[in-house]
1. If the requirement is being of a type in the set (Ser, Thr, Tyr) and either in contact (Cβ under 8 Å) with a residue 60 or more places away in the chain or in a helix (DSSP H, G or I) (or both), which of these qualifies: Thr73, Thr63, Thr89?
2. Look through Val96, Val76 and report the one residue that is modelled with pLDDT of 95 or more and not hydroxyl-bearing (Ser, Thr, Tyr).
3. For residues that are of a type in the set (S, T, N, Q) and open to solvent by less than 40 Å² (accessible area, probe 1.4 Å), scanning just the stretch 1-35, find the one that is modelled with the highest pLDDT.
4. Hey, could you check the stretch 1-53 for residues that are of a type in the set (Gly, Ala, Ser) and more than 23 Å from Cys81 (Cβ to Cβ) and say which is nearest to the chain's Cα centre (by Cα)?
5. Looking only at the stretch 64-73, decide whether some residue is out of contact with any helix residue (DSSP H, G or I) (no Cβ under 9 Å at 6 or more places or on another chain) and surrounded by 17 or more Cβ atoms within 10 Å (Cβ to Cβ).
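The values are calculated or read from the model by the stated rules, or taken from the named source; none is laboratory data. Quick caveat, the model's predicted, so the values are computed rather than measured. For neighbour counting, all protein chains shown are included, and Cβ atoms are generated from backbone atoms with ideal geometry for every residue, glycine included. SASA here: full protein model, heavy atoms, side chains in, ligands and nucleic acids out. Shrake-Rupley method; radii C 1.70, N 1.55, O 1.52, S 1.80 Å.
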Amino acid sequence: GLKNGTELIVANNGNKELKIFPLLNGTTAKINAMLTDSPSTLSQLIDTIAKNKINILMSISRTLEKGQLSEWTAIVDISECKYIRKAITSLKKLPVVKSLEFEKSKS
């Protein structure tokens, strides 16, 4: 069901195998969040994501200022999330979130 121009994630699973995940229009999105840099920050964010039935396909996090600021970027599957606006609002309201951008895939 792939079409010309469909964006893909290609991941190596460590067993000399590649997995390909298509980013389908309306079912995948990108989240970019600026967060406080503390030990429980990511777990709070991921817990809220899981409660809203958002599946993380790929993510990367990095510390920008130790103890102050970190960044988390993810490609997520939102096909099981019934109330995406409510989910994004609840993520933005977390005390550890300084800013959050959400963008649906346009492939």
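1. Thr89
2. Matching residue, one of Val96, Val76: Val96.
3. My answer is Asn32.
4. In this case the residue turns out to be Ser40.
5. No; the residues of the stretch 64-73 include none that is out of contact with any helix residue (DSSP H, G or I) (no Cβ under 9 Å at 6 or more places or on another chain) and surrounded by 17 or more Cβ atoms within 10 Å (Cβ to Cβ).
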